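Participant: Dropping a structure here in structure tokens format, bear with me for questions.
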Amino acid sequence: MNDAVFILSLGGILFFLFRWGFRSLPAENWQILASLPREKKEDGAWKGLNLTYYGFFNATALGLAVAVWITLLGSLGFPLLKIAVIGIPLVLLGFSASRLIARWVEKKRFTATIGGASFAIILLSPAVLALEESILPNPPAHPLAVLAAISVAYALGEGVGRLACISFGCCYGKPLSESHPLVQKVFSRWNFIFWGKTKKIAYAHGLDGQQVIPIQGVTALLYSGVSLLGIFLFLKGWFPAAFLLCLLVTQTWRVFSEFFRADYRGGGSISAYQVMGFISILYGVLLASILHFPEVPSIDLRAGLLSLFSPGMILFLQALWAAAFLFTGRSMVTASTISFHVVKERV
């Protein structure tokens, strides 16, 4: 497949996805996907476990990011075993860090942070590559290419994952009414209005029904756009450029964008997540300057796509999606009451 066709096709899908998501997901009916009865109450009703669109979009974003990462490494001729040995520890690390860092920063048990997960992955990826080098007989000759693929995939995954934030009403921007006049002018025609008392923006700050800065949408467009450019650079063999572009843009925006957010990010004028973003920038530049960068190998996008569509990899992605959905989609901060009855007119 031609590189441009692949990138434009992916970009077209993202365009229509975001166009729909920005319009629809702030509505009240796009928070709860399903509710499962768990415990029967004395009045005959059931206590329900809510499954959320937050989990659905997070799982989809992770699956898409991993699929792109597999495709990029497959285009370099990486065997599936090598991809799995690198990828599985990073995914497990991200799951764990998302909860642990959020508890540390926000002092809340039932919360998670993508920013914390990305920081842990950026910080520990070289250690995972070093471990892989000691396990496999033929370690990757291009560690910077692996990091570039991680950086590109992360940007895409977090970009698409912002749809999860919109559906749940978290990671929200400040009210336009309290923003600088220039900010009000910029977002006078494009802003978000969230509806529903179970959205986080409602129960945490009471900002439902108000125009707020569409910070999740801006992040989605910026991150996804830079990931597409990163894919282009990667397929051209410009690994340092792909790595640094995606890393610098995403982490710089992480630091800057928090000044436009209204949700709680920990105490202090500068949040821990902003500090993590700044450290990630310095660390990434250091890695790019010291890692060995040999001659660029042959890059075959078709081979990468073929490695993605192998039966084993398809099953792996399905299992990954299911695990991510169960991890992020079971709502711990909302509940439901379910009742059942027979429609006698249809018996």
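The values are calculated or read from the model by the stated rules, or taken from the named source; none is laboratory data. Predicted model, so just to flag it, every value in this text is computed and none were measured. Every residue, glycine as well, gets a Cβ built from its backbone with ideal geometry; the counts of neighbours run over all protein chains shown.
Participant: Being under 14 Å from Val68 (Cα atoms), basic (Lys, Arg) and at pLDDT 90 or above, is that true of even one residue in the stretch 302-310?
Facilitator: Yes, the conditions are met somewhere in the stretch 302-310.
Participant: Let me ask something else about it. Tell me, which helices (runs of 4 or more DSSP H) lie completely within the stretch 189-302 with 1 or more residues that are among the charged types (D, E, K, R) and within 30 Å of Leu73 (Cβ to Cβ)?
Facilitator: 239-257
Participant: Right, Pro240: surrounded by fewer than 20 Cβ atoms within 10 Å (Cβ to Cβ), more than 20 Å from Tyr53 (Cβ to Cβ) and free of Cβ contacts under 8 Å to residues at least 60 places away in the same chain or not?
Facilitator: Taking the combined requirement at face value, the residue does not satisfy it.
Participant: Another question, then. Given the structure, is Glu258 surrounded by fewer than 16 Cβ atoms within 10 Å (Cβ to Cβ) and either acidic (Asp, Glu) or in contact with a Cys (Cβ under 9 Å, 6 or more places away or on another chain) (or both)?
Facilitator: Judged against the criteria, Glu258 is not a match.
Participant: If I filter the stretch 20-35 for residues that are of a type in the set (D, E, K, R), closer than 24 Å to Cys170 by Cβ and free of Cβ contacts under 8 Å to residues at least 12 places away in the same chain, do I get at least one hit?
Facilitator: yes
Participant: A further question on this structure: Restricting the search to the stretch 63-102, which residues are free of Cβ contacts under 8 Å to residues at least 12 places away in the same chain and either surrounded by 20 or more Cβ atoms within 10 Å (Cβ to Cβ) or among the β-branched types (Val, Ile, Thr) (or both)?
Facilitator: Answer for the stretch 63-102, where residues must be free of Cβ contacts under 8 Å to residues at least 12 places away in the same chain and either surrounded by 20 or more Cβ atoms within 10 Å (Cβ to Cβ) or among the β-branched types (Val, Ile, Thr) (or both): just Ile88.
Participant: If you go through the stretch 32-62 one residue at a time, how many are in contact with a Phe, Trp or Tyr (Cβ under 6 Å, 6 or more places away or on another chain), of a type outside the set (A, V, I, L, M, F, W, C) and surrounded by 20 or more Cβ atoms within 10 Å (Cβ to Cβ)?
Facilitator: Qualifying residue count for the region: 3.
Participant: Filter the stretch 165-209 down to residues that are surrounded by 15 or more Cβ atoms within 10 Å (Cβ to Cβ) and of a type in the set (S, T, N, Q) and give me whichever is nearest to Gly116 (Cα to Cα).
Facilitator: Once the filter is applied, the top-ranked residue is Ser167.
Participant: When the stretch 219-237 is examined, which residues are found to be closer than 18 Å to Phe119 by Cα and either without any contact (Cβ under 8 Å) to a residue 60 or more places away in the chain or of a type in the set (Phe, Trp, Tyr) (or both)?
Facilitator: Result: Tyr223, single match.
Participant: Looking for whichever is touching a Lys or Arg at 6+ places or on another chain (Cβ under 8 Å) and closer than 28 Å to Asp3 by Cβ here; the options are Thr250, Thr219. Which one fits?
Facilitator: Only one candidate qualifies: Thr219.
Participant: Given the residues Ala34, Ala45, Ala4, which is the only one that is of a type in the set (A, V, I, L, M, F, W, C) and at pLDDT 95 or above?
Facilitator: Step by step, each of Ala34, Ala45, Ala4 is checked, and only Ala34 is of a type in the set (A, V, I, L, M, F, W, C) and at pLDDT 95 or above.
Participant: Taking the stretch 43-58 only, how many residues are part of a helix (DSSP H, G or I) and touching a Gly at 6+ places or on another chain (Cβ under 7 Å)?
Facilitator: The qualifying residues number 5.
Participant: Please go through the stretch 83-125 and pick out each residue that is part of a helix (DSSP H, G or I), under 18 Å from Ala164 (Cα atoms) and not β-branched (Val, Ile, Thr).
Facilitator: Scanning the stretch 83-125 gives Gly94, Phe95, Ser98, Arg99, Ala102, Gly115, Gly116, Ala117, Ser118.
Condition check ((1) closer than 28 Å to Phe57 by Cα; (2) within 19 Å of the chain's Cα centre (by Cα); (3) modelled with pLDDT under 90) across all residues:
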{"site": "Phe232", "(1), (2), (3)": "yes, no, no"}
{"site": "Ser269", "(1), (2), (3)": "no, no, yes"}
{"site": "Leu291", "(1), (2), (3)": "no, no, yes"}
{"site": "Phe325", "(1), (2), (3)": "yes, yes, no"}
{"site": "Ile338", "(1), (2), (3)": "yes, no, no"}
{"site": "Val342", "(1), (2), (3)": "no, no, no"}
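Participant: When you go through Val128, Val152 one by one, which is the residue that is of a type in the set (Val, Ile, Thr), modelled with pLDDT under 80, assigned to a helix (DSSP H, G or I) and crowded, with 18+ Cβ neighbours inside 10 Å?
Facilitator: Val128
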